[in-house]
Amino acid sequence: MRLNDHRTAPGDVVRIADFQPQYTRRIVELWRRSFEHGVGITDPHPLDDQLAYFETTVLPANAVRVAFLGPDPVGFLASTPESVSHLYVAVPCIGRGIGTRLLDLAKAESSGSLWLHTFAQNAVARAFYERHGFVDAGHGFENMWKLEDVRYVWSRADGS
């Protein structure tokens, strides 16, 4: 099912669709590469563990949408009306407006506000969220990765 189409560059059409199971492996591989790129670490977890986590934890708790350029998944969003749990764009496609389109979808489907976490050392993600009206609401520590994280909040009432 096509949710919306947007152009990112002359000739490029980004199609955003509901998640379909046949894309699980490609989405998780994209997630992993984008995470490693943004945070600057190598994920030591087996890919099969991450696939299982996606299927048993991410999918049941979120609406998952996939961005495509042609037949290729180039990003995904996992969100609820209150939060963005995952938003990742394929590394070669960062900066082409795909993340913005996914985040705009989460905002449109929100209850009027959203929260999310990102790692403090992911400067690109932090700048992205701040450009899109999210405000730093505090820092914490993510136990599994042993890294500082940042909680961001956004509210439609703030005019964003």
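Specify the residue that is surrounded by the fewest Cβ atoms within 10 Å (Cβ to Cβ); the eligible residues are those in the range 133-156 that are of a type in the set (Phe, Trp, Tyr) and either over 24 Å from Glu109 (Cα atoms) or touching a residue at least 40 places away in the same chain (Cβ under 8 Å) (or both).
Phe141
Quick one: which of Val153, Val84 is at pLDDT 95 or above, of a type outside the set (D, E, K, R), over 11 Å from the mean Cα position of the chain (by Cα) and not in a loop (DSSP other than H, G, I, E, B)?
The match here is Val153.
Please find, among Leu103, Leu114, Leu51, Leu77, the residue that is modelled with pLDDT of 95 or more, over 30 Å from Ala157 (Cβ atoms) and surrounded by 13 or more Cβ atoms within 10 Å (Cβ to Cβ).
Leu51
Can you name the residue in the range 37-64 that is assigned to a helix (DSSP H, G or I) and among the β-branched types (Val, Ile, Thr) and, of all such residues, is nearest to His86 (Cα to Cα)?
Among those that are assigned to a helix (DSSP H, G or I) and among the β-branched types (Val, Ile, Thr), it is Val58.
Looking only at the range 91-110, how many residues end up being part of a loop (DSSP other than H, G, I, E, B) and under 10 Å from the mean Cα position of the chain (by Cα)?
0
Residue check: is Glu55 acidic (Asp, Glu) and in contact with a Phe, Trp or Tyr (Cβ under 8 Å, 6 or more places away or on another chain)?
No.
Can you pull out the residues in the range 117-147 that are at pLDDT 95 or above and charged (D, E, K, R)?
Within the range 117-147, Arg126, Glu130, Arg131, Asp136 qualify.
The values are calculated or read from the model by the stated rules, or taken from the named source; none is laboratory data. Since we're looking at a predicted model, the values are computed, not measured. No Cβ is skipped: glycine too gets one built from the backbone with ideal geometry, and neighbour counts run over all protein chains shown.
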